[in-house]
1. Only one residue in 118, 78 is within 14 Å of the chain's Cα centre (by Cα), modelled with pLDDT of 95 or more, farther than 24 Å from residue 161 by Cβ and among the charged types (D, E, K, R), so which one is that?
2. Restricting the range 7-28 to residues that are of a type in the set (A, V, I, L, M) and out of contact with any Asp or Glu (no Cβ under 8 Å at 6 or more places or on another chain), which is surrounded by the most Cβ atoms within 10 Å (Cβ to Cβ)?
3. Any idea how many residues of the range 88-109 are touching a strand residue (DSSP E or B) at 6+ places or on another chain (Cβ under 8 Å) and either over 17 Å from residue 31 (Cα atoms) or among the charged types (D, E, K, R) (or both)?
4. Go through the range 24-73 residue by residue and tally those that are among the acidic types (Asp, Glu), closer than 27 Å to residue 162 by Cβ and either at pLDDT 95 or above or in contact with a helix residue (DSSP H, G or I) (Cβ under 7 Å, 6 or more places away or on another chain) (or both).
5. Counting only residues that are touching a residue at least 40 places away in the same chain (Cβ under 8 Å) and surrounded by 14 or more Cβ atoms within 10 Å (Cβ to Cβ), give me the strands (runs of 3 or more DSSP E) lying completely in the range 129-173 with at least 2 of them.
6. Whether any residue in the range 92-101 is touching a residue at least 60 places away in the same chain (Cβ under 8 Å) and of a type outside the set (Gly, Ala, Ser) is what I want to check.
7. Conditions: (1) touching a helix residue (DSSP H, G or I) at 6+ places or on another chain (Cβ under 8 Å); (2) of a type outside the set (Lys, Arg); (3) closer than 19 Å to residue 25 by Cβ. Residue 120 meets all but one. Number of the miss?
8. If you take the residues in the range 142-164 that are touching a Leu at 6+ places or on another chain (Cβ under 7 Å) and over 16 Å from residue 100 (Cβ atoms), which one is modelled with the lowest pLDDT?
Amino acid sequence: MTTTMEQFPELNTDRLKLRKLVPEDIPALVRYADNRKISDNIINIPYPYREPDAVFRISYVVQGFRKKTLYVFAIILKKSGEFIGEASLHIENGNKAQLGYWVGEPFWNKGIATEATKAILKFGLEELNLHEIYATAHIRNIASEKVLLHNGLKKENVNGNVALYRITKQEYK
């Protein structure tokens, strides 16, 4: 796979399938994203989160993939086939990306975000051949910090209420 891939990739872990968002995901997307605890931590998830927001999101994601600037993966539980969140890479300058993720509240503290992030980092650094992946998290979001640190990202700095984490391809290896 390269950045010129035409078909959206699918990633698999022990418990998860990461695939493209599809219209059938809309009910679960609305159900789990319509949560103040999620919208407070994810800049592009409004609250309340309704069906038109989900429809717009899928369109935005498709356009981003066509431009090869955005890879948003639906996080699916293999056991049930249920949509439970998203993990994404926003490509910048062709060789750097911002990592983002969220998981529905019923699935918190189960290692799902850590597992999905591990797959996304491997995809970004090995398949897309990115040189660096970074993420930001509110300093009060201890769970998100744990996900990033468990996946080898290092805390670079804190600016106000937000901490910056990053990993380079060299550090990943």
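1. That would be 118, the only listed residue that is within 14 Å of the chain's Cα centre (by Cα), modelled with pLDDT of 95 or more, farther than 24 Å from residue 161 by Cβ and among the charged types (D, E, K, R).
2. This residue is 11.
3. 11
4. The first filter runs over the range 24-73 and keeps only residues among the acidic types (Asp, Glu), leaving 24-25, 34, 40, 51, 53.
Next cut, closer than 27 Å to residue 162 by Cβ only: 34, 40, 53.
From what is left, the residues that are either at pLDDT 95 or above or in contact with a helix residue (DSSP H, G or I) (Cβ under 7 Å, 6 or more places away or on another chain) (or both) are 34, 53.
Adding up the residues that qualify gives 2.
5. Because the criterion is at least 2 residues that are touching a residue at least 40 places away in the same chain (Cβ under 8 Å) and surrounded by 14 or more Cβ atoms within 10 Å (Cβ to Cβ), the strands (runs of 3 or more DSSP E) in the range 129-173 that meet it are 132-138.
6. Step one: of the range 92-101, the residues touching a residue at least 60 places away in the same chain (Cβ under 8 Å) are 94.
Next, from what is left, pick out any that are of a type outside the set (Gly, Ala, Ser): none.
No, the range 92-101 contains no residue that is touching a residue at least 60 places away in the same chain (Cβ under 8 Å) and of a type outside the set (Gly, Ala, Ser).
7. Result: residue 120 passes all but (1).
8. Filtering the range 142-164 for residues that are touching a Leu at 6+ places or on another chain (Cβ under 7 Å) and over 16 Å from residue 100 (Cβ atoms), the one modelled with the lowest pLDDT comes out as 157.
The values are calculated or read from the model by the stated rules, or taken from the named source; none is laboratory data. Quantities reported herein were computed from a predicted structural model and do not represent experimental measurements. Cβ coordinates were reconstructed from backbone atoms using ideal geometry, including for glycine residues, and neighbour counts include every protein chain displayed.
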